[in-house]
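**Student:** For reference, the structure I am asking about is given below.
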Amino acid sequence: MPLSDRVAVVTGAAQGLGQEFAAALAGAGARVAGFDVADQSETASRIGDAFVPFSVDVTDAEARRRAVDGVVETMGGLHILVNNAGIYPPIPFEETTSEDLRRILSLNVEAPFHLTQAALPAMRAGGWGRVVNLASGAVFVGPPDIVAYTASKSAVVGLTRSLATLLGGDNITVNTIAPGLVRTATAERSTGADGGFERIRGLQRVPRTPEAADLVSSLLYVCDPGSGFLTGQTLNVDGGAAFL
Ligand SMILES: NC(=O)c1ccc[n+]([C@@H]2O[C@H](COP(=O)([O-])OP(=O)(O)OC[C@H]3O[C@@H](n4cnc5c(N)ncnc54)[C@H](O)[C@@H]3O)[C@@H](O)[C@H]2O)c1
């Protein structure tokens, strides 16, 4: 199995894309730590012994550090970091407060930034690493209803590129996956009600709404041991809504 002997952290593993990513990495042989504020028992029972849930708010600096140290100590290292936890509240631009903006940036940008910092010593010690960030197809199309979110995910693309430059010599790759609108419970709640799925489907060359499982092959591709020459990239997995 390509990822046996690897330890992965997936943030936001309780549900949605994060749960799917955790299951896929475990299926490829990795042991997986889930970092989430929500109950991860569904993920744990789906995956079994290869999954270890950590109850952690990744916007909390101290909790973040403790959790990363806990993974390294109890699971014997940290090789793969999937910065998946994110929020995408639809707030009209004119009504977005500084507090809203800070809350979005704190989870979508600051947490991946500092989690990568925290994971680096273990990745360097292991001589191999994969950092995978989650952006969004929104960065390519610029939707008007999620301006703060789009700004946060654009920052993730820049973070990915600079870190790829910094870490290439350490045998650590850094890539971003940018999904289109994927059917998760949260996406159903925040975008499904206003016809979002149907509207976005109309922009895609592949005319169906993707499920979380549609993102798995991209994750396994960038994490694969054979993908060590692939870094700094943003994989646009949006059914062809935007051609770059
Ligand atoms: N679903 C989509 O259509 C879509 C499209 C493009 C990008 N994305 C991105 O993919 C990622 C996952 O999206 P999703 O729809 O699966 O989300 P989701 O809401 O289903 O899952 C997010 C998970 O993150 C956890 N989380 C939230 N705040 C946290 C915190 N402070 N600390 C730890 N965990 C926390 C939640 O409890 C939840 O389990 C996000 O970064 C999102 O922006 C999603």
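The values are calculated or read from the model by the stated rules, or taken from the named source; none is laboratory data. Computed from a predicted structure; not experimentally measured. Backbone-built Cβ (ideal geometry, glycine too); neighbour counts: all protein chains shown. To get the accessible areas, we keep the full protein, side chains included, count just its heavy atoms, and leave off ligands, DNA and RNA. Shrake-Rupley method; radii C 1.70, N 1.55, O 1.52, S 1.80 Å.
**Student:** Please compute the Kirkwood hydrodynamic radius of segment 7-237 from all pairs of different C-alpha atoms, in Å with one decimal.
**Tutor:** 17.7
**Student:** Stretched out fully, how many nm does the piece from Ser45 to Glu198 gain, at 0.36 nm a residue minus the Cα gap?
**Tutor:** Roughly 51.8 nm would be gained on extension.
**Student:** Continuing with the same structure: Quick one: if the Förster radius is 45 Å, what FRET efficiency do Arg66 and Glu188 give, using the C-beta to C-beta distance and rounding to 0.05?
**Tutor:** 0.85
**Student:** Also: Could you please put Leu134, Leu230 in sequence from largest to smallest accessible area, using a 1.4 Å probe? Working shown, then result.
**Tutor:** Numbers: Leu134 10, Leu230 35 Å².
Ranking Leu134, Leu230 by accessible area, largest first, yields Leu230, Leu134.
**Student:** Just the number please: accessible area per residue for the chain, 1.4 Å probe, all protein chains included, in Å².
**Tutor:** 45
**Student:** Return the single residue from Val71, Val216, Val141 with maximal mean-square fluctuation; model: Gaussian network over the chain, springs between Cα atoms under 10 Å.
**Tutor:** Top of the fluctuation ranking is Val141.
**Student:** To continue, here is another question. Roughly how big is the chain's charge dipole about its Cα centre, with Cβ charges of +1 (Lys, Arg) and -1 (Asp, Glu), in debye to the nearest 20? Working shown, then result.
**Tutor:** On the way: 18 positive and 25 negative charges, 122 e Å.
Around 580 debye, computed over the chain.
**Student:** OK, next. When the chain is modelled as a GNM with alpha-carbon springs shorter than 10 Å, which of Leu167, Leu107, Leu78 fluctuates the most?
**Tutor:** Its mean-square fluctuation being the largest, the pick is Leu167.
**Student:** Quick one: compute the contact order of segment 49-169, relative version, from alpha carbon pairs under 8 angstrom and 6+ residues apart, as a percent.
**Tutor:** Averaging sequence separation for qualifying contacts and normalising by length gives 31 percent for segment 49-169.
**Student:** Go ahead and estimate [θ] at 222 nm for the chain from helices alone: -39,500 (n - 2.57) per DSSP H run with n ≥ 4, summed, over the residue count, rounded to 500. If you can, show how the numbers build up before the last one.
**Tutor:** Details: 10 runs with 103 residues, N = 244.
The per-residue figure over the chain is -12500 deg cm²/dmol.
**Student:** How large, in percent, is the carbon and sulfur part of the accessible surface of the chain at a probe radius of 1.4 Å?
**Tutor:** 54
**Student:** Between segment 68-139 and segment 203-240, how far is it from one alpha carbon centroid to the other, in angstrom?
**Tutor:** 18
**Student:** Asp5 versus Phe113, label points 7 Å from Cα toward the beta carbon: distance in nm?
**Tutor:** Spacing of the two 7 Å Cα→Cβ label points: 3.6 nm.
**Student:** Return a whole-number percent for the relative contact order of segment 100-244, with Cα pairs under 8 Å and 6 or more residues apart as the contact set.
**Tutor:** Reported as a whole number, the value is 30 percent.
**Student:** Tell me, what is the percent relative contact order of the chain, built from C-alpha pairs under 8 Å that lie six or more residues apart?
**Tutor:** Taking the mean separation of contacting Cα pairs over the length of the chain, I get 19 percent.
**Student:** As a test of reading the structure, rank Thr97, Thr231 by solvent-accessible area (1.4 Å probe, protein chains only), most first.
**Tutor:** The most accessible residue leads, giving Thr97, Thr231.
**Student:** Under a 10 Å cutoff between Cα atoms, tell me which one of Ile172, Ile104, Ile200 has the largest fluctuation in the Gaussian network model of the chain.
**Tutor:** Answer for the Gaussian network model of the chain: Ile200.
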